[in-house]
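See structure below.
Nothing in this text is a laboratory measurement; each read-out follows from the coordinates by a stated rule. None of the values given here were measured: they were computed from a predicted structure. Neighbour counts are summed over all protein chains in view; Cβ atoms, including those assigned to glycine, are modelled from backbone coordinates with ideal geometry.
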Amino acid sequence: MYNEHFGLREAPFGITPDTSFFYASSRYQEALNTLLVAARNGEGFIKLTGEVGSGKTLLCRKFLASLGKDYTTAYISNPFLEPRTLLMALADEFGVTLDKNVNQHRLLKSLTLALLNVARKNKHALVCIDEAQAMPLDTLEALRLLTNLETEKIKLLQVVLVGQPELNQKLELESIRQLKQRITFQYHLGPLDEDELESYVAHRLTVAGYRGGRLFNKAAMRRLYTASNGFPRLVNILAHKAMMLAYGEGKGEVSDQHVKAAVADTPAIKKKPFWKWKLT
């Protein structure tokens with residue numbers, strides 16, 4: 001691809017949540033700190049929301065990697081599960097071996113024993129549920145009931161709910177009001193501002209091994225911000241395509257026209273009337 005052309009070790013703008021590329025802008029660092037403080041507080045549910053492409057999954061992975069050896073963690077990436085299936089997924093994440101036809105009582109007892117074993121080792125069990133807005137209501141209720149498990153001093157399981165703003169709407173429903181009351185910490189992750197976006201792009205290029213001068217010129221950066229609205233996933237998609245176009249032309253700099261062509265090739269970008277573009 002273009003890595004050798006630009007002097008890179010690896011592609012800088014992948015959309016997989018690689019924690020080595022985590023960019024600690026003020027708001028992302030604040031979100032990470034909130035999650036860490038909440039986890040160390042030891043009780044209740046923790047909620048992280050943000051629009052599609054705002055970097056929630058990467059932040060969640062960074063958070064789990066930052067917890068340290070005092071935590072035993074689980075990560076559920078697809079919570080669109082019935083209650084029993086969620087419990088089995090959690091049991092699997094916490095290393096519980098189950099019989100194929102295990103009944104509900106044995107399933108809950110085995111999972112409880114696994115969580116108790118974590119507590120006996122003076123560790124904390126924590127699960128991060130990604131895309132939590134997709135979780136069925138009865139599964140959310142089963143998760144709440146699971147968090148009732150406790151010793152005399154600590155809860156046996158902490159839960160981090162990570163989701164789109166639709167999660168907030170779901171939590172307003174009367175049927176799960178008890179779960180909402182247990183949310184002790186929350187944070188809404190917004191997009192990058194224009195200055196942060198420029199630093200974000202430079203950070204990812206540096207991590208990928210770039211050691212040259214300015215790669216995206218100022219006009220390219222302005223259009224990149226205008227088109228993406230500061231959402232990291234869209235920034236990554238557009239920057240990657242723009243670099244491919246510059247490489248295809250044998251250019252050592254990414255221009256406004258390269259980004260403009262990338263925007264035209266990206267269906268996820270909401271096209272704006274021409275008078276709303278900062279540059280034409």
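Structure values in brief
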| item | result |
| --- | --- |
| Qualifying residue in segment 185-192 (condition: hydroxyl-bearing (S, T, Y) and either in a helix (DSSP H, G or I) or loosely packed, with under 12 Cβ neighbours inside 10 Å (or both)) | no |
| Of all residues making up segment 110-143, the number that are touching a residue at least 60 places away in the same chain (Cβ under 8 Å) and surrounded by fewer than 18 Cβ atoms within 10 Å (Cβ to Cβ) | 0 |
| Tally of residues being outside any helix (DSSP H, G or I) and closer than 13 Å to E196 by Cα across segment 217-232 | 3 |
| Condition met for L171 (in contact with a Lys or Arg (Cβ under 6 Å, 6 or more places away or on another chain) and not small (G, A, S)) | yes |
| Unique residue being among the hydroxyl-bearing types (S, T, Y) and under 21 Å from K121 (Cα atoms) when the list is T73, T85 | T73 |
| Scan of segment 35-70 for residues that are β-branched (V, I, T), more than 22 Å from L156 (Cβ to Cβ) and surrounded by 14 or more Cβ atoms within 10 Å (Cβ to Cβ), ordered by number | T49, T57 |
| Boolean, A91 is touching a strand residue (DSSP E or B) at 6+ places or on another chain (Cβ under 6 Å) and part of a helix (DSSP H, G or I) | no |
| Top-ranked residue in segment 35-85 [being within 15 Å of Q133 (Cβ to Cβ) and hydrophobic (A, V, I, L, M, F, W, C); ranked as nearest to the chain's Cα centre (by Cα)] | C60 |
